[in-house]
Amino acid sequence: MHVAQVDFKSANASPEFAKSLKETGFAVIKNHPIDTQLMADVFNEWKEFFASDYKMNYVYKNDTQDGLFPMNVSEKAVGYSVKDIKEFYHYYTWGQYPKELSNKTKDLYQQMNLVAVTLLNWVEENLPEDIRKSLSEPLTSMINGSNQTLMRILHYPPLTGNEEKGAVRAGAHGDINLLTVLVAASQSGLQVKGSDDKWYDVPADPGMLAINIGDMLETATNGFYKSTLHQVINPLDDSRHLSRYSIPLFLHPRPDVRLSSSKTAGEFLEERLRALGIKK
Ligand SMILES: O=C(O)CCC(=O)C(=O)O
Ligand SMILES: [Fe+2]
């Protein structure tokens, strides 16, 4: 199991990135163009947000799925009977945006989205000819004009020891979307499942980006790219008394995009959100 750390600016970045994704479902990107200070500022603003009372003014809307998913809502990974120990906020360009925040989160979204588009282009460049031909449209055109891409700001609170039995920060799951670009968290804990069924730490330092394949890319490429199970474990050391924050960007196609002969992206998403229990 070798999740590669790929230099975004190197001449071989595109094939190295695609190889790591193909072999492990993950890749780590270093030397990327996203501003480090901006990332730190955004984390700090959301720390304040999650610690505030006003956050409850921004509880998510069931129909559109934008806003805060508080602890008591959270998600249940498929196959788990208890909820993850986390709260999170879904930011869409058209969605609710806390007036207490500066525009830095919007800037970060734009920068992460640009990187995500480049990375999807690298995936496309390295597809075998037969898979490329079987797509309903090029991958990069699937996200053209999409308003479904979202940024999730995650807060995993300190563990108290009173958590429900079996509850973890994020139960093993595959992401729904095409590609996920994650600003590596303030703390370790993210693990990927290898083909040998063992769990491996994703080797990302703060400031790097961890990328993984989502289920929609697996479906669209007819299984050539495999969406990889990942999880966030509860730390056993002293860091369990600290909050953990992370920010994934989930790159989504337009809802009308045909992922397979039986399903559009819109239908696929609707099904999955209901299974997670975050859409009624
Ligand atoms: O917090 C992390 O490092 C990963 C989060 C994740 O996998 C998700 O929200 O889908
Ligand atoms: Fe995930």
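We did not get these values from a lab; they are worked out from the coordinates using the rules stated. Since we're looking at a predicted model, the values are computed, not measured. Because the Cβ atoms are built from the backbone with ideal geometry, glycine has one as well, and the counts that use them run over all protein chains shown.
Structure notes:
- Segment 58-209 - convex hull of the alpha-carbon atoms, volume per residue in Å³: 169 Å³
- Charged neighbours of LEU154, selected by a Cβ distance under 10 Å, balance to +2 (K, R count +1; D, E count -1).
- Across segment 245-262, coupling constants 3J(HN,Hα) worked out from phi with the 6.51/-1.76/1.60 Karplus curve, θ = phi - 60°, read 10, 8, 9, x, 10, 9, 7, 10, x, 5, x, 7, 5, 8, 8, 8, 5, 9 Hz, and Gly and Pro carry x.
- Phi angles across segment 99-111 convert, under the Karplus curve 6.51 cos²θ - 1.76 cosθ + 1.60 with θ = phi - 60°, into 3J(HN,Hα) values of 6, 6, 9, 7, 7, 5, 5, 5, 4, 5, 4, 4, 5 Hz, Gly and Pro given as x.
- About the Cα centre, charge dipole magnitude for segment 5-276 (Lys/Arg +1, Asp/Glu -1 at Cβ), debye: 220 debye
- Dipole of the chain [Lys/Arg +1, Asp/Glu -1 at C-beta], most positive-end residue of SER20, LEU114, TYR58: TYR58
- The angle separating the long axis of helix 265-276 from the principal Cα axis of greatest extent in the chain is about 30 degrees.
- Taking GluC sites (Glu not before Pro) across segment 1-104, the ones in a DSSP loop with at most 13 further Cβ atoms lying within 10 angstrom of their Cβ are GLU100.
- Amide H contacts of VAL59: LEU68, each under 5 Å away and 5 or more positions distant or on a separate chain (H built 1.01 Å from N in the peptide plane; Pro and chain starts excluded).
- Sequence-distant residues sharing a close amide H with THR149 (under 5 Å, placed H): HIS252
- From least to most packed, judged by other beta carbons within 10 angstrom and beginning with the fewest, GLU129, GLU124 follow the order GLU129, GLU124.
- For ASN234, residues with placed amide H under 5 Å, excluding near neighbours: ARG169
- Within segment 9-102, the trypsin sites (Lys or Arg not before Pro) that combine a DSSP coil assignment with at most 15 other C-beta atoms in a 10 angstrom radius are LYS9, LYS61, LYS99.
- Folded to 0 to 90 degrees: helix 36-51 orientation relative to the chain principal axis, Cα: 40 degrees
- Kirkwood-based shape ratio for segment 163-280, expressed as Rg/Rh from alpha carbons: 1.00
- In a DSSP loop and with at most 11 other Cβ atoms within 10 Å, the trypsin sites (Lys or Arg not before Pro) in segment 158-205 are LYS165, LYS198.
- Crossing angle, helix 13-24 versus the chain [Cα axis fit, 0-90 degrees, rounded to tens]: 70 degrees
- Per-bin percent of Cα-Cα distances, the chain [10 Å]: 6, 30, 38, 21, 4, 0
- Pairwise centroid distance, computed over Cα atoms, of segment 206-271 with segment 55-78, Å: 18 Å
- A viscosity of 1.306 mPa s and a temperature of 10 °C, combined with the Kirkwood radius over Cα pairs in Stokes-Einstein, give a translational diffusion coefficient for segment 117-180 of 103 µm²/s.
- Pair-distance distribution P(r) for segment 1-84, from all Cα-Cα distances in 10 Å bins starting at 0: 14, 24, 27, 30, 5 percent.
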